[in-house]
Amino acid sequence: MLLVPLVDSYITYLENEKNMAKMTITSYNNDWHDFFNYLENELKYDILSLDINEINHTTIRKYLVYLNDRNLSKSTIARRLAALKSFYRYLLKKEIIQHNPLDHVSSPKIPKKLPQYLEQGEMEAVLQQPSLHSETGIRDKAILELLYGAGIRVSELVSLDLANIDLSYGYVRVFGKGSRERVVPIGKEAIKALQLYLKKARPLWSIKPEKALFINQKGGRLSDRSVRTIVNKYCRQAGVKEILSPHGFRHSFATHLLDHGADLRVVQELLGHKKISSTQIYTHVSRKKLRKVYHLTHPRA
């Protein structure tokens, strides 16, 4: 069977049956285009007529060398291999192939990085930066408060519709990875910021009917790139040591909850993590902080 139609059917399977997030699908597509380029440009295959059985263990080994020669990061190489491994598991499951050319091919080991986060005082400084004397500042304040107050991903934030928030009860309905739905409570500061945005800023930009919660000055849904720019801007203005991405607000949300005694399972639920192991990295951050406080304050440390 031809490789390209099999990859297309696999991507459709991920979208329709596995309900994978759009960003994950895009990442898989990018990884596959890289592999196709390698097959065409390095091995001189005609990609449209290439049979799946022509790809063997040697092909994959050469691809690994090709990736390493380009000085790509270990995480990028690991992700490219993960895309291939997932595809071949699918082919084995469907009984399209009998042998997996990725058997005994190891991914590079990636050292676990502790997530970047802000101390509570630093976060407060960032949250105070947007000016409430302009519509843009009012909107940006609501974005920052919601990112930190609910711990949601940037993709989840820009996907929010007006119908997904209930300020009277204080919660937001979020659709996370794999279209998994969860309801997250939001605090009084986020509620106050959102109420101000919905009253003073959003109506002025809402030129046409738009269901999105956060919109730009032209009335369209705000992009995740715009949110990244907003977060970066106010972190710089506050002069904090770490210039965070929106995901850093999520890290700060989880870390501060655990610092104040929240149960790990509750934090897992709030973050929408499928596995507890994804949440456990924040316990390492809290322990690191505990050790630091101990060594700074204990007389015999």
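Just so it is clear, none of the values below were taken in a lab; they were calculated from the coordinates. Computed from a predicted structure; not experimentally measured. All Cβ positions, glycine included, derive from the backbone under ideal geometry; neighbour counts span all protein chains shown.
Name the residues whose placed amide hydrogens come within less than 5 Å of the amide hydrogen of ASP161, ignoring near sequence neighbours (fewer than 5 apart) on the same chain.
Counting only residues 5 or more places away or on other chains, the set is LEU213.
Please give the FRET efficiency for GLU17 paired with HIS273, using the beta carbon to beta carbon distance and R0 = 22 Å, rounded to the nearest 0.05.
Plugging the Cβ-Cβ distance into 1/(1 + (r/R0)^6) gives 0.50.
Output the direction-averaged projected area (hull surface divided by four) of the convex hull of the alpha-carbon atoms of the stretch 3-93, in nm².
Quarter of the Cα hull surface area: 5.9 nm².
Taking only Cα atoms and a 10 Å spring cutoff, compute GNM fluctuations for the chain and point out the largest among LEU271, LEU132, LEU194.
Maximum fluctuation in the GNM of the chain, among the listed residues, is at LEU132.
Give me the lysines in straight-line cross-link reach of LYS211: C-alpha distance below 24 Å, same-chain residues under 8 apart excluded.
Straight-line reach from LYS211, under 24 Å: LYS22, LYS141, LYS177, LYS188, LYS192, LYS199, LYS200.
List the trypsin sites (Lys or Arg not before Pro) in the stretch 160-222 that DSSP assigns to loop (not H, G, I, E or B) and whose Cβ has at most 11 other Cβ atoms within 10 Å. Which are they?
LYS211, LYS218
Could you state the principal axis extents of the C-alpha atoms in the stretch 71-116, from the largest down, to the nearest angstrom?
Answer, in whole Å and largest first: 43, 21, 15 Å.
Which whole-number percentage describes the relative contact order of the chain, with Cα contacts under 8 Å and a sequence gap of 6 or more?
The value is 17 percent.
For the chain, just the Cα set please: Rg and Dmax, both in angstrom.
Cα only, the chain: 23.1, 73 Å (Rg, Dmax).
Among the GluC sites (Glu not before Pro) in the stretch 73-122, which ones are in a DSSP loop with at most 15 other Cβ atoms within 10 Å of the Cβ? Mind listing them?
GLU95
Using Cα-only point scatterers and the Debye equation, what is log10 of I(q)/I(0) for the stretch 65-213 at each q in 0.20 Å⁻¹, rounded to two decimals?
-1.19
Compute the relative contact order of the stretch 120-297 as a whole-number percentage, counting only Cα pairs closer than 8 Å that sit 6 or more residues apart in sequence.
So the answer I get is 24 percent.
How far, in degrees from 0 to 90, does helix 246-259 lean away from the longest principal axis of the Cα atoms of the chain, to the nearest 10?
Value to nearest ten degrees: 70.
Could you list the square roots of 5 times each eigenvalue of the Cα gyration tensor of the stretch 120-297, that is, the equivalent ellipsoid semi-axes, sorted largest first and rounded to whole Å?
Ellipsoid half-lengths, sorted descending, are 28, 20, 13 Å.
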